[in-house]
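> Take a look at this one; I'll ask things after.
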Amino acid sequence: MNLETTRRFFLGKATGVSVGAMALQSLLRAESKPAIGLPHLPDFAPKAKRVIFLTQSGGPSQIELFDYKPDLIKWAGKELPDSVRQGQRVTTMTANQKQLIMPGITKFARHGQSGATVSEWLPRLAKVADKLCFVKSMHTDQINHAPAMTQFLTGHQIPGRPSVGAWVSYGLGSTNRDLPDYLVMLSKMQRPSDQPLYDHYWGSGFLPSRYQGVKLRNAKDAVLYLRDPEGLPRQLRRGMLDGLAELNQKRLDETGDPEIATRILQYEMAYRMQTSVPALTDLADEPEEVFELYGPDSRRPGSYAANCILARRLAERGVRFIQLFHPDWDHHSRLPSWCTARCRDTDQPSAALVTDLARRGLLDDTLVIWGGEFGRGVAGQGQWDSIEAGRDHHPRCFTIWMAGGGVKPGMTYGATDEFSFNVAENPVHVRDLHATVMHLLGIRHETFTYRFQGLDFRLTGVEPSRVVKDIVV
């Protein structure tokens, strides 16, 4: 077909105001005020206005941290019964060894009025147990990290779907026009981690790319090249952007390509971030007691503790979805030393974040989620009674906790069997978690869709999923 006769070309060249120009004008008008997302959302009054997702990459051991199983001591060194395993898959790392049971290696105590069981490795979190809701019956379908984390964050094990943060950005937008709707921070580890964090974990998938997470660097300069070059006045920079916008508008008029509209908006966002990001990341205005609250690592740029302070500051500024990634929870060996190290990284800052949000009146409408892509198995990997032993991946049951944002505090939901191997009560699939997050944000997950390649996709997919209303206030 000749280009001159295509419908797209005709609409782009139509007399008067073209469809592309109208779209651009609409986008720019929206960028002159906070982005509000889809006009019909929320579906009902939300309990949470924003989300902070503390993503613990690698699979924290529920057996050592939250899921107290004292009777395992009598099974120590014995093989996991077939009646419990039920032929369930293990990874190739332990497939050729006997599944010999390794009891939990930590002490537990009950805490607060709720009586929540929390490990001695998490003493600060134990002090805020009455503000938390522990979900001990999480389960997923994937046994390896990349597909499990992809499903945990996008609802599907194969890359290409939007992350939960991108869905929220698309649906609800933000109340801050000077920062992206969805911001991501990765911990700067003090020892190398061999576990990659892929960009599609916070990607936009088939949604327009403006909804993907914007990653802040785990360094002193969170965003590079924010300062104008020497000799380039601010007004000249403004003029350059206006000229680029005109060129991009012309191309948008001709093609109707939504990625061009994204480019225009991102140039504008970058211009405004020249002011907003330095103000965000400069912690000089934080009092000394804040650093004491978040712990000794909170002054190190890029640390999990420093990122937790930034998460609170982003919540104060109205950013809709804030995600922190802390890797290196993959403890196939040396569990006593490596898991305790990750607990030291995260225990005090996580508890401090909950405390800080609560005292500033932000916890009630901020949903905080802590968890990884799966848990760890009850069998020891390697020699079960050695300090070198670890645990293999385990998707059949694991624990997360949530706080604020319409979640019942001081609650433990769900339970596992005596081996922490199978869910015994109130199973919660990853899809159910996504449905519940959407519900707390005022969105019906069943009707929140995006048409792509002739299909109406949704975060929770087509398999059964439910809002876990028992944990909702």
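The values are calculated or read from the model by the stated rules, or taken from the named source; none is laboratory data. Nothing here was measured: the structure is a model prediction, and the numbers come from that model. No Cβ is skipped: glycine too gets one built from the backbone with ideal geometry, and neighbour counts run over all protein chains shown.
> So, in region 108-149, of the ones that are part of a strand (DSSP E or B) and aromatic (Phe, Trp, Tyr), which residue ends up farthest from residue 58 (Cα to Cα)?
Step one: of region 108-149, the residues part of a strand (DSSP E or B) are 108-111, 116-119, 132-139.
Now drop any that are not aromatic (Phe, Trp, Tyr), which leaves 108, 134.
Working: 108: 23, 134: 19 Å.
Among residues in region 108-149 that are part of a strand (DSSP E or B) and aromatic (Phe, Trp, Tyr), the one farthest from residue 58 (Cα to Cα) is 108.
> Taking region 392-431 on its own, how many of its residues are part of a strand (DSSP E or B) and either under 23 Å from the mean Cα position of the chain (by Cα) or of a type in the set (Asp, Glu) (or both)? Let's see the steps before the verdict.
Of all residues in region 392-431, those part of a strand (DSSP E or B) come to 392-394, 398-403, 407, 411-413, 415-416, 423-425, 428-429.
Then drop every residue that is not either under 23 Å from the mean Cα position of the chain (by Cα) or of a type in the set (Asp, Glu) (or both), which leaves 392-394, 398-403, 407, 411-413, 425, 428-429.
The qualifying residues number 16.
> State whether the residues of region 375-390 include one that is of a type in the set (D, E, K, R) and farther than 14 Å from residue 136 by Cα.
Pass one, region 375-390, residues of a type in the set (D, E, K, R): 376, 385, 388.
Then keep just the ones that are farther than 14 Å from residue 136 by Cα; that gives 385, 388.
Checked region 375-390: at least one residue is of a type in the set (D, E, K, R) and farther than 14 Å from residue 136 by Cα.
> Please go through region 79-101 and give me each residue that is among the charged types (D, E, K, R) and closer than 22 Å to residue 423 by Cβ, ordered by number.
Residues of region 79-101 among the charged types (D, E, K, R): 79, 82, 85, 89, 98.
If the condition is that a residue be among the charged types (D, E, K, R) and closer than 22 Å to residue 423 by Cβ, then 79, 82, 85, 89 are the ones that fit.
> From the residues in region 198-230 that are out of contact with any helix residue (DSSP H, G or I) (no Cβ under 6 Å at 6 or more places or on another chain), part of a loop (DSSP other than H, G, I, E, B) and buried (at least 19 other Cβ atoms within 10 Å of the Cβ), which one is modelled with the lowest pLDDT?
Among residues in region 198-230 that are out of contact with any helix residue (DSSP H, G or I) (no Cβ under 6 Å at 6 or more places or on another chain), part of a loop (DSSP other than H, G, I, E, B) and buried (at least 19 other Cβ atoms within 10 Å of the Cβ), the one modelled with the lowest pLDDT is 218.
> Please go through region 265-289 and pick out each residue that is more than 24 Å from the chain's Cα centre (by Cα), surrounded by fewer than 14 Cβ atoms within 10 Å (Cβ to Cβ) and not aliphatic (A, V, I, L, M).
275, 285, 287, 288, 289
> Oh, and also: Would you mind finding the one in 460, 436 that is out of contact with any Cys (no Cβ under 6 Å at 6 or more places or on another chain), under 24 Å from residue 201 (Cβ atoms) and either part of a loop (DSSP other than H, G, I, E, B) or touching a residue at least 40 places away in the same chain (Cβ under 8 Å) (or both)?
Numbers: 436 fails: either part of a loop (DSSP other than H, G, I, E, B) or touching a residue at least 40 places away in the same chain (Cβ under 8 Å) (or both).
Exactly one of 460, 436 is out of contact with any Cys (no Cβ under 6 Å at 6 or more places or on another chain), under 24 Å from residue 201 (Cβ atoms) and either part of a loop (DSSP other than H, G, I, E, B) or touching a residue at least 40 places away in the same chain (Cβ under 8 Å) (or both), namely 460.
> Would you be able to tell me the number of residues in region 150-190 that are without any contact (Cβ under 8 Å) to a residue 60 or more places away in the chain and assigned to a loop (DSSP other than H, G, I, E, B)?
The number of residues fulfilling the criteria is 5.
> Still on this structure, please answer the following. Restricting attention to region 311-331, report how many residues are assigned to a helix (DSSP H, G or I) and either over 17 Å from the mean Cα position of the chain (by Cα) or surrounded by fewer than 20 Cβ atoms within 10 Å (Cβ to Cβ) (or both). If you could, list the steps in order and put the result at the bottom.
Step one: filter region 311-331 for residues assigned to a helix (DSSP H, G or I), giving 311-316.
Imposing the further condition that a residue be either over 17 Å from the mean Cα position of the chain (by Cα) or surrounded by fewer than 20 Cβ atoms within 10 Å (Cβ to Cβ) (or both) reduces the set to 313, 316.
Number satisfying all stated conditions: 2.
> Would you say residue 193 is within 21 Å of residue 371 (Cα to Cα) and among the small types (Gly, Ala, Ser)? It would help to see each step written out before you state the result.
Values: within 21 Å of residue 371 (Cα to Cα): yes; among the small types (Gly, Ala, Ser): yes.
Criteria met by residue 193.
> Scan region 252-264 for residues that are in a helix (DSSP H, G or I), surrounded by fewer than 16 Cβ atoms within 10 Å (Cβ to Cβ) and either aromatic (Phe, Trp, Tyr) or without any contact (Cβ under 8 Å) to a residue 60 or more places away in the chain (or both) and report the count.
Qualifying residue count, region 252-264: 2.
> Something else about it: Please enumerate the residues belonging to region 166-180 that are touching a helix residue (DSSP H, G or I) at 6+ places or on another chain (Cβ under 6 Å) and either buried (at least 23 other Cβ atoms within 10 Å of the Cβ) or not acidic (Asp, Glu) (or both). Walk me through how you get there before you give the answer.
Of the residues in region 166-180, the ones touching a helix residue (DSSP H, G or I) at 6+ places or on another chain (Cβ under 6 Å) are 166, 169-170, 178-179.
Listed by number, the residues that qualify are 166, 169, 170, 179.
> Filter region 53-107 down to the residues that are free of Cβ contacts under 8 Å to residues at least 12 places away in the same chain and either in a loop (DSSP other than H, G, I, E, B) or crowded, with 19+ Cβ neighbours inside 10 Å (or both) and list them by number.
81, 87, 92, 95, 96
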